[in-house]
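Note sheet for the following structure.
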């Protein structure tokens, strides 16, 4: 496992292998919020062709282990811990899937539920996949998710300086690039660029 740590406002944990969260509590997942309400920039036209496969192996206590492909409309789903446990920390979770799909339960919602048990908010990112999008689009979604989380920090009782970013497999690659590569110019649509400016990083 490689870990990238920003000595400031955001850190990133990137897992090279899948980690199974057996202790996830069974409860309904929160609603998905559009990451780009006005349409994602530099992307293929959004469509309704997303394919969801609920795989038979490694299902969670809700009977789910979904793999979503053909994603063109990225979203975030916010899992909040019980108020009495909340620490103010949050983790954005970028599931794996070889850039062609998003393993949304095992490497997304299940992880968020486990984080809730230790008082950390879990924000699951469903990013654009190839096809129809590109890896650059996936990274743009990751950066957008950081900005979106900071913008809504007060609403979710999250401390803006305690936001982490973790990813599995392809999601780990996206997390590294989003956190360390020089930012490209993309429309921010009311969310300040400074909200996702990376601090100096170190490898561990």
Qualifying residue in region 5-23 (condition: part of a loop (DSSP other than H, G, I, E, B), at pLDDT 95 or above, more than 18 Å from residue 166 (Cα to Cα) and out of contact with any strand residue (DSSP E or B) (no Cβ under 9 Å at 6 or more places or on another chain)): no
Test: residue in region 80-102 that is within 25 Å of residue 62 (Cβ to Cβ) and in a helix (DSSP H, G or I): no
Lone unmet requirement of (1) at pLDDT 95 or above; (2) touching a strand residue (DSSP E or B) at 6+ places or on another chain (Cβ under 8 Å) for residue 170: (2)
Region 103-125 residues that are at positive phi and at pLDDT 95 or above, paired with ones that are surrounded by fewer than 23 Cβ atoms within 10 Å (Cβ to Cβ) and outside any strand (DSSP E or B) (beta carbon under 6 Å, 6 or more apart): 119/81; 119/85; 119/86; 119/87
Number of positions in region 103-126 that are assigned to a loop (DSSP other than H, G, I, E, B) and buried (at least 24 other Cβ atoms within 10 Å of the Cβ): 1
Scope region 24-38; condition assigned to a loop (DSSP other than H, G, I, E, B), modelled with pLDDT of 75 or more and surrounded by 12 or more Cβ atoms within 10 Å (Cβ to Cβ); matching residues: 29, 30, 35, 36
Some residue of region 127-144 being buried (at least 24 other Cβ atoms within 10 Å of the Cβ), under 15 Å from the mean Cα position of the chain (by Cα) and closer than 24 Å to residue 57 by Cα: yes
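The values are calculated or read from the model by the stated rules, or taken from the named source; none is laboratory data. None of these values were measured; they are calculated from a predicted model. Every residue, glycine as well, gets a Cβ built from its backbone with ideal geometry; the counts of neighbours run over all protein chains shown.
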